[in-house]
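Asks: I'd like to ask some things about the structure below.
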Amino acid sequence: MKLKYFLFIIMLFGGMMQLQAANSVDMAFDLRASGKIYVVVLVVLVIFFGIALYLFLLDKKISKLEEEFNKREV
Amino acid sequence: MRKKWWKVLAVVLVGLTLIAGFLAPVPELPILNETIRNVYYHVPMWFTMISLYLISVIYSIKYLKNGNHKDDILAVEAVNTGVLFCALGLVTGMLWANITWGEPWPNDPKLNGSAIATLMYLAYLVLRNALEEEQKKAKISAVYNIFAFPIMIVMLYILPKMTDSLHPGSGGNSTFGDLDMDNNMRPVFYTAVIGWIMIGIWLCSLRYRLRILNDRKNSMS
């Protein structure tokens, strides 16, 4: 009996959720427009710029090493 | 860090094509569908590889002319970086082929040509490691490199165009220049190619500088 009651509540809740989804206003702010492709673009950009930043730091490290070598050899 | 501006420019150029590549309009074509956007990502990998191999040949010729050890090192590191872009090109191509053609590696002249070209450059790297004496190693591999480059061009761009190939741009298939009536794709594609080539050169320069540092360390001790 308790289980049935519980299931009823769940279904009611689920139904409410669906109703809400149907009624909810589709906020057309940019990140949700056209199939949410903008989110993917953002993710790709974050990855690419992350790797680029890493490369810049690596470049800096090598430059520092080169300077040290130059000092030692003079 | 010496001359930083072109590295920033490379990152900005590629970053722009990552945005435009997904969002800019492309022609709607059967079979290709949205995968036509791969032109912005898959093709620049190969162009970068070819540019790096070209740099390698130039420095191999330079080495044979003047015998400068540094030119030889640059030639090797350019191939080492080129092989990375070659691998990326192969993997992205196979991913696309699996969806579009139904199998990752149909026996197509363009694909087999690229496999032979890849093996040729791997052979170059193996050849170098097989030789002990420094000068002999540099000279023989420089000569090999000069022969490998034109054969690679023939394998990738001439033979596939002479026979039937499934690959876009080869055989009876039209290139994107014919597909893209209103030329929306050109600016994005060229920007991507230039940006990725610059990034390839950057990676190559990092490898070269590390190698030089290593050599200096060895000569110190």
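Asks: At most 11 other C-beta atoms within 10 Å and a DSSP loop state: those are the exposed GluC sites (Glu not before Pro) I care about. Give me the longest piece of chain B that has none.
Replies: B:29-131
Asks: In Å², what does the accessible area per residue of chain B work out to with a 1.4 Å probe?
Replies: Numbers: 11250 Å² over 221 residues.
Counting only protein heavy atoms, the per-residue value for chain B is 51 Å².
Asks: Output ³J(HN,Hα) for region A:57-68: one whole-Hz value per residue in order, computed from phi by the Karplus curve 6.51 cos²θ - 1.76 cosθ + 1.60 with θ = phi - 60°, and x for Gly and Pro.
Replies: So the Karplus estimates, Gly and Pro as x, are 5, 4, 4, 4, 4, 5, 4, 4, 4, 4, 4, 4 Hz.
Asks: Tell me which DSSP H helices of chain B clear both cut-offs, 15 Å or more of axial length from alpha-carbon atoms and a mean Kyte-Doolittle hydropathy of at least 1.0. Each step should come with its number before you reach the end.
Replies: Details: long enough: B:5-23 (27 Å, 2.08); B:42-66 (37 Å, 0.82); B:69-100 (46 Å, 0.95); B:109-130 (31 Å, 0.70); B:134-153 (29 Å, 0.46); B:185-220 (52 Å, 0.36).
Sorted by number, the helices that extend far enough and score high enough are B:5-23.
Asks: I would also like to ask the following. Note down the magnitude of the dipole of region B:48-145 about its Cα centre, charges +1 on Lys and Arg C-beta and -1 on Asp and Glu C-beta and zero elsewhere, to the nearest 20 debye.
Replies: Details: 8 positive and 8 negative charges, 58 e Å.
Rounded to the nearest 20 debye, it is 280 debye.
The values are calculated or read from the model by the stated rules, or taken from the named source; none is laboratory data. Small disclaimer: the values here were computed from a predicted structure and weren't measured. Neighbour counts run over all protein chains shown; Cβ positions are idealised from the backbone, glycine included. These accessible areas exclude ligands, DNA and RNA; they are computed on the full protein's heavy atoms, side chains included. Shrake-Rupley method; radii C 1.70, N 1.55, O 1.52, S 1.80 Å.
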